[in-house]
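Worksheet for the structure shown next.
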Amino acid sequence: MSDVRRTVILGAAGRDFHNFNVLYRDDATREVVAFTATQIPDIAGRRYPAELAGERYPGGIPIVDEADLEDLIARENVDECVFSYSDIAHADVMHLASRCIAAGADFVLPGGAPSMIASTKPVISVCAVRTGVGKSQTSRYLVRILQELGKKVVSVRHPMPYGDLAKQAVQRFASYADLDAHECTIEEREEYEPHIDAGFVIYAGVDYEAILRRAEEEADVIMWDGGNNDLPFYRPDLHIVLADPLRPGDEAGYHPGEANVRMADLVIINKCDVASEDAIAQVEASVLGLNPDATVIRCDSPVTVEDPELVRGKRALVIEDGPTLTHGSMSFGAGVVGAKAAGVAEIVDPSPYAVASLAATYAKYPNARGILPAMGYGDAQIRDLEATIDAADADVVVSGTPIDLTRVLSVNKPMTRARYELREQQPGVLAEAVRKAIGG
C-alpha cells in the first residue's frame with residue numbers, strides 16, 4: 001500500500017485553491033488528483049494551472065463537476081475528499097460526506113487555523129454567517145475608521161477566480177481601468193467597485209501568500225473582506241462576524257458560518273432597521289449561546305435610491321446581487337427595500353421573461369423568482385441578463401447590486417441604483433474595537 005494518499009479537494013473556485021496552496025501543494029504524503037466544482041458556473045472542465053500547482057504537478061490539476069464525484073472517486077482510486085467551500089447547510093455537508101464515505105473515501109474537514117497565513121501587519125477580518133449579510137459595506141466602514149486613525153489600510157478580498165487563473169494569481173485594483181484590464185465579471189465588480197469609488201485599494205486573486213506580501217508593502221493594516229460565510233485566509237487580530245436577522249437561525253445552521261460565530265471577537269447583527277425585534281433578539285440569543293465571550297452589537301443597513309422620482313408610481317424590475325439570491329437563499333435585498341421606500345407601484349416578476357442561463361437559475365433557485373439575480377460570470381450570462389431586462393414588461397429598473405450596472409449592461413429601460421451603508425446603533429463601538437486591535 002502506498003504511503004501517498006490520493007486526494008480530491010471539493011470546492012467552488014476559492015477556498016479549495018487556497019487550501020491546496022497552503023496545506024497540500026508541498027505535502028509529499030498527498031497527491032491531489034482533482035478539484036470538484038459547484039455553486040459557480042463554467043468552472044468544471046478547466047484545470048488548476050501548472051504555474052500555480054507547483055513542481056509536483058507539471059500538468060496542472062483537473063477541475064470536475066461535483067455531480068460526477070462518485071465516478072471520480074472510483075476512477076482515480078481516491079482515498080480522501082477534502083471539503084473546501086462555504087455557505088452550505090450543515091445537513092448538506094453531511095449528505096456530501098455520506099456520498100464520499102459510501103463511495104469508499106474518507107471525508108475531511110480541515111481546521112481553520114492551519115490555513116490562516118500570518119501577517120507582519122495587524123489584520124482585521126470581516127466574515128459572516130451567510131452570504132449577503134453586508135460584509136463589504138462593513139469593510140468600507142472600517143477602512144474609513146482606520147483612515148481617520150491615520151492608518152494606510154489595504155483590503156484583500158476572498159477569491160473570485162473566474163478567468164485565467166495563472167494571470168489572476170495576484171490582482172490589485174485601484175481604478176476602473178484595473179477592473180477592465182483584469183476582465184472582471186459582474187460578481188467581481190460588485191466587490192471591487194465600491195472600494196475603488198471610495199478611493200481604497202483592494203487586492204484579490206489566487207495565491208494569497210503572494211497577495212499578502214504585496215499588500216503588506218503598502219499597508220499599515222490589512223482588512224480581510226470575506227466571501228460567502230467563509231473563514232478568513234489570514235490570522236486576524238480582530239475577527240468581526242456579521243449575522244442576519246432576516247435569516248434567523250442560519251447563524252447556527254450553516255458551515256462554516258457557525259464556526260465563524262464561535263471564533264468571533266465581535267458579532268454585528270446587521271439590517272436591524274428592517275428586521276423585527278423578535279428576530280433580532282433570537283439571533284442575539286443564539287450568537288451568545290454559541291460564543292458567550294463575543295461582543296454583540298446592532299447595526300442598520302439604510303438604503304437610498306439615487307433617483308426615487310424615477311421609481312415612484314412605476315412598475316419596476318428589481319435586480320439584486322446574484323449570490324445573495326442563489327446559494328444565499330434570500331428572496332429580496334436592498335433593491336426591493338429601496339424600491340418600496342421610493343413608492344414603487346409594482347415590482348415586476350422577471351422570471352417569465354428569463355432566457356437561457358437565467359431560466360436555469362430560477363429552476364435551481366426558485367426562491368429568487370420575483371427578483372432578477374445579477375448573474376454575470378461571463379459574457380454569455382451578461383447577454384442573457386440584458387435580454388431578460390429588455391423583454392420584461394416594466395417601466396424602470398432598480399439595481400440593488402453594489403456596482404453601476406450601466407457600465408456593463410446596455411438595456412432599453414431607465415435604471416437607478418439602490419445604495420446601502422453600515423450604521424451603528426451605538427456609534428463608536430467599532431472604532432474602539434479597531435483601536436484596541438491595532439494598538440492605537
- prompt: Once both labels are modelled 7 Å past Cα along the beta-carbon direction, what's the GLU421-VAL4 spacing in nm?
  reply: 5.5 nm
task: Work out the length of the dipole vector of segment 60-217 about its Cα centre, built from +1 on the beta-carbon of each Lys and Arg and -1 on the beta-carbon of each Asp and Glu, and round it to the nearest 20 debye.
output: 1000 debye
field: Cα shape, segment 142-255, gyration tensor, a/c 1.5 rule
entry: oblate
query: Between ALA102 and LYS152, what length comes free when the chain is fully extended (0.36 nm per residue of separation minus the Cα-Cα distance, one decimal in nm)?
result: 12.9 nm
statement: Given 68-80, 207-219, 11-23, the highest-first ranking by average Cβ count within 10 Å works out to 11-23, 207-219, 68-80
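For the chain, report the accessible area per residue in Å² (1.4 Å probe, heavy atoms, rounded to an integer).
That works out to 37 Å² for each residue.
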field: Contour excess over end-to-end distance, with Cα ends at ARG144 and LEU288 and 0.36 nm allotted per residue
entry: 49.0 nm
- request: Treat each spin label as a single point 7 Å out from the Cα along the C-beta direction, and report the ARG75 to ARG262 distance in nm.
  value: 3.6 nm
task: Pull out a ≥ b ≥ c, the square roots of the eigenvalues of the alpha-carbon gyration tensor of segment 222-265, then state rounded if a/c is under 1.5, prolate if not and a/b is larger than b/c, and oblate in the remaining case.
output: prolate
query: For SER410 and ALA118 in the same chain, what is the full-extension length gain: residue separation times 0.36 nm, less their Cα-Cα distance, in nm?
result: 100.7 nm
field: Whichever lysines have a C-alpha closer than 19 Å to that of LYS271, once near sequence neighbours (fewer than 8 apart) are set aside
entry: LYS135, LYS340
statement: Given backbone amide H placed at 1.01 Å from N, residues whose amide H is under 5 Å from that of GLU320, ignoring those fewer than 5 places away on the same chain, are LEU372, ALA374, GLY400
- prompt: Any idea how far apart ALA360 and ASP197 come out in nm if each label point goes 7 Å out from Cα toward Cβ?
  reply: 3.0 nm
- request: Place a label point 7 angstrom from the Cα of ASP278 along the Cα-to-Cβ direction, then list the residues of segment 285-306 whose backbone nitrogen is under 19 Å away.
  value: 285-287
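Which whole-number percent is the relative contact order of the chain (Cα, under 8 Å, 6+ apart)?
With pairs under 8 Å counted, the relative contact order is 15 percent.
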In Hz, Karplus ³J(HN,Hα) per residue of segment 111-126 (6.51, -1.76, 1.60; θ = phi - 60°; x = Gly, Pro): x, x, 4, x, 9, 8, 7, 7, 9, 7, 10, x, 10, 10, 10, 10
field: Those Cys residues of the chain for which no other cysteine Cβ falls under 4.7 Å
entry: CYS127, CYS184, CYS272, CYS299
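Which percent, to the nearest 5, of DSSP beta bridges fully inside the chain are antiparallel?
20 percent
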message: Shape verdict for segment 300-435, please, from the Cα gyration tensor: rounded (a/c under 1.5), prolate (a/b greater than b/c) or oblate.
response: prolate
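The values are calculated or read from the model by the stated rules, or taken from the named source; none is laboratory data. Predicted model, so just to flag it, every value in this text is computed and none were measured. Neighbour counts run over all protein chains shown; Cβ positions are idealised from the backbone, glycine included. The protein model used for the area step is the full one, side chains on, heavy atoms only, and it has no ligands, DNA or RNA in it. Shrake-Rupley method; radii C 1.70, N 1.55, O 1.52, S 1.80 Å.
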